[in-house]
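Asks: Mind looking over this structure? Questions follow.
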Amino acid sequence: MNVACYIRSLSAYAPEGILTNDHMSKLTDTNDEWIVSRTGIRERRKLADTENASDLALIAARDVLQKAGMDIDALTHIVVATSSPDRISPPVAAILSGLLNAGQVMAFDISAACSGFLYGMSLCWSILARETGARILFVCVEAMTRRLNWNDRGTCVLFGDAAAACVLTAESKGVSPLLEDVICKSDGSLNELINVGGGSSCQYKLGDTIGEDFFISMNGRETYKHAVRQMSLVCEEILERNGLGIKDVNLFVPHQANLRIIEAAGSRLHINADRVFVNVDKYGNTSSASIPLALYEAHAAGRIQSGDRVLITAFGAGLTWGAGLLRF
């Protein structure tokens with residue numbers, strides 16, 4: 001695309017509630033050693049019973065608008081990536097728009113699971129190509145703990161709640177990271193590997209007990225294989241089509257799903273561990289919020305400097321996956 005896509009500001013928020021591995025051992029048949037050895041996760045965040053995904057989104061959105069120095073009435077679009085909305089309808093974006101008093105802006109959700117940030121960035125870039133004066137609030141938010149079966153230790157230890165937000169424009173202001181390229185892919189023939197129920201396939205009537213089909217289910221072994229392979233391949237593809245090699249990448253920020261997946265993908269790409277950012281130990285898998293949350297923390301920690309090129313990649317239900325290049 002000839003039109004640029006800049007991240008004018010970036011913010012993230014994780015709820016105060018913390019579920020350590022010791023907490024998890026009281027909820028299901030597991031322990032700290034088992035969880036850490038298989039996932040690298042030590043704790044994850046959980047929203048309060050009085051909070052919903054839109055509440056987390058609102059906190060991140062207000063902060064990012066303040067950092068961008070942008071009034072709410074300057075927004076033209078609100079886009080939310082989530083696989084754990086407050087309700088099936090209306091979209092979280094519309095709820096967020098109302099909470100912000102944003103007026104009659106275009107507001108809608110996208111659902112690409114853990115690949116939501118990449119899919120959303122691609123979509124927002126397309127909006128900017130059509131409307132170069134657009135000012136887009138893009139939020140990734142997940143309340144994954146609401147959809148966990150606490151008796152399924154293969155999934156309940158993996159996920160946490162968080163939100164991240166960015167303001168996207170076609171023009172930079174100060175030091176604004178540039179989206180250099182993004183690739184998004186999917187393979188719907190593998191849609192059964194990861195599922196979150198609650199849609200029309202869950203045919204409940206009033207008074208029925210909620211069944212296991214309401215919660216997250218995952219074929220962990222097959223998901224691991226596809227995640228490592230496809231993330232590695234799409235990273236190689238985006239580097240090649242931009243005339244770059246792994247040596248040109250200052251920091252690799254992969255989806256924070258599982259430390260073993262991160263390590264395996266890094267190994268296949270031949271990128272040293274000191275150039276890989278990891279925070280899965282603190283938050284677990286926050287789905288669409290994972291990459292922007294990691295970018296926010298990496299920048300705050302000084303791991304990203306002006307001029308750095310950052311390679312990002314994700315993989316999620318669908319199956320969906322992708323990669324992106326950011327220049328800070």
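Asks: Can you tell me which condition His270 does not meet? The list is (1) without any contact (Cβ under 8 Å) to a residue 12 or more places away in the chain; (2) more than 29 Å from Arg8 (Cβ to Cβ), and all the others hold.
Replies: (1)
Asks: Hey, among the residues in region 104-128 that are open to solvent by 40 Å² or more (accessible area, probe 1.4 Å) and of a type in the set (A, V, I, L, M, F, W, C), which one's farthest from Leu293 (Cα to Cα)? Outline the logic, then answer.
Replies: Here is the first cut: in region 104-128, the residues open to solvent by 40 Å² or more (accessible area, probe 1.4 Å) are 104, 106, 108-109, 111, 119, 123, 126.
Narrowing the set further to residues that are of a type in the set (A, V, I, L, M, F, W, C) leaves 106, 108, 123.
On the way: Met106: 25, Phe108: 21, Leu123: 19 Å.
That would be Met106.
Let's see how each residue does on (1) part of a helix (DSSP H, G or I); (2) farther than 21 Å from Tyr6 by Cα:
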{"residue": "Glu222", "(1), (2)": "yes, yes"}
{"residue": "Ala227", "(1), (2)": "yes, yes"}
{"residue": "Val234", "(1), (2)": "yes, yes"}
{"residue": "Ile238", "(1), (2)": "yes, no"}
{"residue": "Phe252", "(1), (2)": "no, no"}
{"residue": "Ala257", "(1), (2)": "no, yes"}
{"residue": "Ala265", "(1), (2)": "yes, yes"}
{"residue": "Leu293", "(1), (2)": "yes, no"}
{"residue": "Tyr296", "(1), (2)": "yes, no"}
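Asks: Can you tell me which of Ser37, Ser25 is among the hydroxyl-bearing types (Ser, Thr, Tyr) and over 19 Å from Asn151 (Cβ atoms)?
Replies: On the way: Ser25 fails: over 19 Å from Asn151 (Cβ atoms).
Residue meeting the stated conditions: Ser37.
Asks: Then there's this: Given the criterion in contact with a Cys (Cβ under 9 Å, 6 or more places away or on another chain) and modelled with pLDDT under 95, identify the matching residue among Gly198, Gly220, Gly211.
Replies: One residue alone meets the criteria, Gly211.
Asks: Continuing with this model, one more query. It is to be established whether one or more residues within region 229-242 are hydrophobic (A, V, I, L, M, F, W, C), open to solvent by 10 Å² or more (accessible area, probe 1.4 Å), within 22 Å of Ser186 (Cα to Cα) and free of Cβ contacts under 8 Å to residues at least 60 places away in the same chain.
Replies: Looking for residues that are hydrophobic (A, V, I, L, M, F, W, C), open to solvent by 10 Å² or more (accessible area, probe 1.4 Å), within 22 Å of Ser186 (Cα to Cα) and free of Cβ contacts under 8 Å to residues at least 60 places away in the same chain, one finds at least one in region 229-242, hence yes.
Asks: So Asp29 ticks every box in (1) modelled with pLDDT of 95 or more; (2) over 14 Å from Thr169 (Cα atoms) but one. Which box is left unticked?
Replies: (1)
Asks: Return the residues of region 294-327 that are under 16 Å from the mean Cα position of the chain (by Cα), open to solvent by 10 Å² or more (accessible area, probe 1.4 Å) and within 18 Å of Leu168 (Cα to Cα); say none if nothing qualifies.
Replies: Within region 294-327, just Tyr296 meets the criteria.
Asks: A follow-up question, please. Right, Ser172: exposed (fewer than 15 other Cβ atoms within 10 Å of the Cβ), among the small types (Gly, Ala, Ser) and modelled with pLDDT of 95 or more or not? Reasoning before the result, please.
Replies: On the way: exposed (fewer than 15 other Cβ atoms within 10 Å of the Cβ): yes; among the small types (Gly, Ala, Ser): yes; modelled with pLDDT of 95 or more: no.
Answer is no for this residue.
Asks: Of a type outside the set (Ser, Thr, Tyr), under 21 Å from the mean Cα position of the chain (by Cα) and surrounded by 13 or more Cβ atoms within 10 Å (Cβ to Cβ) - does that describe any residue in region 197-210?
Replies: yes
Asks: Does Asp274 meet the test of being farther than 16 Å from Trp321 by Cα and outside any loop (DSSP other than H, G, I, E, B)?
Replies: Working: farther than 16 Å from Trp321 by Cα: yes; outside any loop (DSSP other than H, G, I, E, B): yes.
So Asp274 passes the test.
Asks: Look at region 145-175 and say how many of its residues are over 17 Å from Ala60 (Cα atoms) and either in contact (Cβ under 8 Å) with a residue 40 or more places away in the chain or touching a His at 6+ places or on another chain (Cβ under 9 Å) (or both).
Replies: Looking only at region 145-175, we keep the residues that are over 17 Å from Ala60 (Cα atoms), and these are 145-159, 169-175.
With either in contact (Cβ under 8 Å) with a residue 40 or more places away in the chain or touching a His at 6+ places or on another chain (Cβ under 9 Å) (or both) added as a condition, the list becomes 145-159, 169-173, 175.
Residues meeting the conditions: 21.
Asks: Kindly indicate whether any position in region 146-168 is in contact with a helix residue (DSSP H, G or I) (Cβ under 6 Å, 6 or more places away or on another chain), at pLDDT 95 or above, over 30 Å from Leu259 (Cβ atoms) and in a loop (DSSP other than H, G, I, E, B).
Replies: no
The values are calculated or read from the model by the stated rules, or taken from the named source; none is laboratory data. The shown structure was predicted, so the numbers you read here are calculated from the model rather than taken from an experiment. Glycine gets a Cβ as well: all are built from the backbone with ideal geometry, and neighbour counts include every protein chain shown. Only protein heavy atoms, including side chains, enter the accessible area calculation; ligands, DNA and RNA are left aside. Shrake-Rupley method; radii C 1.70, N 1.55, O 1.52, S 1.80 Å.
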